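Notes to accompany the following structure.
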Amino acid sequence: MAGILVLANAFLIDGTGREPVDGAAVVVEDHVVRDVIPSGRVGPLGGRVETLDLRGRTLLPGLTDAHVHVCAVEGNTASARRGTGAARPPGKVSRRPPPFGPGARRRR
């Protein structure tokens, strides 16, 4: 992802046990969550900025699906030995674009 992606108007569950926050914004840069703004009011950001309005959809930043049968797919055991098991999708790799971000379809 080039530039900065702002996920705006999210129903944010941060995984800490705190109450969810409605209307929050999350700033993502280079695939890393850089800032979480509970108020949703994002100040000026440098560089190219893309804003995606989640319209109240639930957002769980950093959630990793760790349920993988390591021995079920060839190559997974080598990935696990390198410590990158969470980065390798189980089974076939989807060629579809992600549901948000660059390449996603947007409703107009």
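Coordinate-derived values only; no laboratory data. These figures come from a predicted structure and were not determined experimentally. Glycine also receives a Cβ, built like all others from the backbone with ideal geometry; neighbour counts cover every protein chain displayed.
In terms of its C-alpha gyration tensor, region 4-63 has a prolate overall shape, because the principal axis ratio a/c (a ≥ b ≥ c, square roots of the eigenvalues) is not below 1.5 and a/b outweighs b/c.
Between amide H atoms placed 1.01 Å from N, distances below 5 Å from GLU50 occur with ILE4, LEU5, VAL6, all of them 5 or more places distant or on a separate chain.
Backbone amide hydrogens, once placed in the peptide plane, bring GLY40 within less than 5 Å of ALA25, excluding anything fewer than 5 places away on its chain. Taking 22 Å as R0, compute the FRET efficiency from the Cβ-Cβ separation of ARG41 and PHE11 and round it to 0.05. In this case the efficiency is close to 0.85. Amide hydrogen proximity for ARG34: with H placed 1.01 Å from N in the peptide plane, the residues at 5 or more positions away or on another chain lying under 5 Å are VAL27, VAL28, GLU29.
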